[in-house]
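Visitor: Input: one structure, supplied below.
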Amino acid sequence: MRNKAGVLRRGFTGCSRPGVCGLDNSGNSCYLNAVLQCLCSTVPLVEHLLNKDTRKESKCRVAEVFVRLLEEMWLGRSPSCAPVEARSVLCSILPQFNNYSQQDAQELLLSLLNALHDDLKKHPRSGQKQSCATDAGESTIVSHLFEGQLSYMTLCMHCDHQAHSTQTFTVLSLPIPKTIKCSIQDCLSLFFEHTILTGGEQMLCSICGQRRETAVVTSLEKPPEILMLHLKRFGCKGKNQVKLRTNVLFSVKLNLIPFLSSSVENISHYSYSLYAVVNHTGNLNMGHYTALCRSALTGTWHCFDDSAVMEVHDSHVQSPNAYMLMYSRKPFQKPKINGL
Ligand SMILES: [Zn+2]
């Protein structure tokens, strides 16, 4: 049992706080547990899924099982629970996770959100049934919260022809500068850096009718409600897989204004607040995932290391182990959940 500095209180005193619940490890499942903790702390998602109407209509396996787990974590009395059902359903629909080896938390998070989105799409809530035939039928709480849009402006370096395109995203995978220490703003600047595509990357210009050197300007066209940032720590050096251990500094507030597209209105609304972090320690194959989440009920941070839960001081949220950061556009209010 570790005794880290900064630990204020251990969470397994027999009673638990709503939404602060450890998850038992079922054999190398720390990546799943860390991801589930982050989702469990995403208040608007939890409020929506634990709403009475949604609960009644969550008849699809992924949504149903996820809702049951959230119920246990928010409304149960136990300091930890076993996400056995969630794991087995995930393994059945996502066979790539059906083994006991270490997996990538970011890939799992994306797959899990996709599965949840597909599931909720099949079962629109009764009030939304009429809009099903329209585009609105494709939207779910998952897309509403997590989806954003990037805008690309491409410029032909030969004839100056400009073209625009957009792309939807759920997670921004950020490159890390090759330094010992940098800030999350440095990673974002690198992601949104203007680039020139040359050689084999040249794009076809519709005016020139051939591939040309192309300048690409990326910006954030639609910032999401919940912004998920993934630090690209894992890469290859020749045949070897390597992990970048750069200490990426981040703070609780994130300013996205420098990266917004000129079409975004009310830019002052885009200051984000950090509410969850996935940490990764160790190396690629022998690593361990934990999560740090801020409780919307108490405003305090907890470290979730599988079934062990520790309250930690705000100053311990920053660490060189950060792998994913989750920010919310609107600070979370105390959750409104039936039965809480
Ligand atoms: Zn051209």
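The values are calculated or read from the model by the stated rules, or taken from the named source; none is laboratory data. This is a predicted model, so every value here is computed, not measured. As a convention, Cβ positions derive from the backbone with ideal geometry for all residues, glycine included, and neighbour counts pool all protein chains shown. Heavy atoms of the whole protein, side chains included, go into the accessibility calculation; ligands, DNA and RNA do not. Shrake-Rupley method; radii C 1.70, N 1.55, O 1.52, S 1.80 Å.
Visitor: What FRET efficiency comes out for the pair K334/S165, r = Cβ-Cβ distance, R0 = 41 Å, nearest 0.05?
Guide: Efficiency, from the Cβ-Cβ distance: 0.50.
Visitor: When the Karplus curve 6.51 cos²θ - 1.76 cosθ + 1.60 is applied with θ = phi - 60°, which whole-Hz ³J(HN,Hα) does each residue of the range 173-189 get, with x for Gly and Pro?
Guide: Computed from phi, the couplings for the range 173-189 are 8, 9, x, 10, x, 7, 9, 7, 9, 7, 10, 5, 5, 4, 5, 5, 4 Hz.
Visitor: If R0 is 35 Å, what FRET efficiency do you get for S88 and S251 from their C-beta distance, rounded to 0.05?
Guide: Efficiency computed from Cβ-Cβ geometry: 0.35.
Visitor: Given springs between every Cα pair under 10 Å in a Gaussian network model of the chain, which of L292, L284, L32 has the largest fluctuation?
Guide: Sorting by GNM fluctuation, first place goes to L284.
Visitor: So, with a 1.4 angstrom probe, what is the percent of accessible area on the range 190-325 that is carbon and sulfur?
Guide: With neighbouring chains kept in place, the figure for the range 190-325 is 51 percent.
Visitor: Within a Cβ distance under 13 Å of K178, other residues only, what is the Lys/Arg minus Asp/Glu net charge?
Guide: Around K178, the surrounding residues sum to +4.
Visitor: Can I ask one more? For L256, list long-range residues whose amide hydrogen, built 1.01 Å from N in the peptide plane, is under 5 Å from its own amide hydrogen.
Guide: Y272
Visitor: Further, regarding this structure: Once Lys and Arg get +1 and Asp and Glu get -1 on their Cβ, which of I257, T170, I93 lies farthest toward the positive end of the dipole of the chain?
Guide: The one lying farthest along the dipole's positive direction is I93.
Visitor: Short version: ³J(HN,Hα) in whole Hz for each residue of the range 89-100, in order, from phi by Karplus 6.51 cos²θ - 1.76 cosθ + 1.60 (θ = phi - 60°), x for Gly and Pro, what are they?
Guide: Using θ = phi - 60°, the values come out as 5, 4, 5, 6, 8, 10, x, 5, 9, 7, 6, 9 Hz.
Visitor: Please give the peptides 111-118, 255-262, 232-239 ranked by average Cβ packing (other Cβ atoms within 10 Å per residue), highest first, as a rough proxy for protection.
Guide: With the highest mean Cβ count within 10 Å placed first, the list reads 111-118, 255-262, 232-239.
Visitor: Here is the link list: K178/K237; K178/K232; K181/K232; K122/K334; K222/K330. Which ones come out longer than 18 Å on Cα distance?
Guide: Too far apart for the 18 Å limit: K122/K334.
Visitor: Treating only the Cβ of Lys, Arg, Asp and Glu as charged (+1, +1, -1, -1), what charge dipole size does the range 198-340 show about its Cα centre? Round to the nearest 20 debye.
Guide: 240
Visitor: Using modelled backbone amide H atoms (1.01 Å from N, in-plane), which distant-in-sequence or interchain residues come within less than 5 Å of E221's amide H?
Guide: Q149, L150, S151, S261
Visitor: Find how much the distance from S268 to I196 grows on full extension, using 0.36 nm per residue of separation minus their present alpha carbon separation; answer in nm with one decimal.
Guide: 22.9 nm
Visitor: For the chain, with a Gaussian network of springs between Cα atoms less than 10 Å apart, report the residue from S88, S268, S295 with the top mean-square fluctuation.
Guide: Per the Cα network of the chain with a 10 Å cutoff, S268 tops the list.
Visitor: At a 10 angstrom cut-off on C-beta neighbours, averaged per residue, how do the peptides 64-70, 273-279, 184-190 rank from highest to lowest?
Guide: Highest-to-lowest ranking by the protection proxy: 273-279, 64-70, 184-190.
Visitor: Counting only residues 5 or more places away or on other chains, whose amide H sits under 5 Å from the amide H of L174 once H atoms are built in the peptide plane?
Guide: Those lying under 5 Å, H to H, from L174 are H230, L231, K232.
Visitor: Separation between the K52 and D24 pseudo-spin-labels, each 7 Å from Cα along Cα→Cβ, expressed in nm?
Guide: The answer from the label model is 3.3 nm.
Visitor: Another question, if that's okay. Sum -39500 (n - 2.57) across every DSSP H segment of at least 4 residues in the chain, then divide by the residue count to get the 222 nm mean residue ellipticity, nearest 500.
Guide: Mean residue ellipticity at 222 nm (helix-derived): -7000 deg cm²/dmol.
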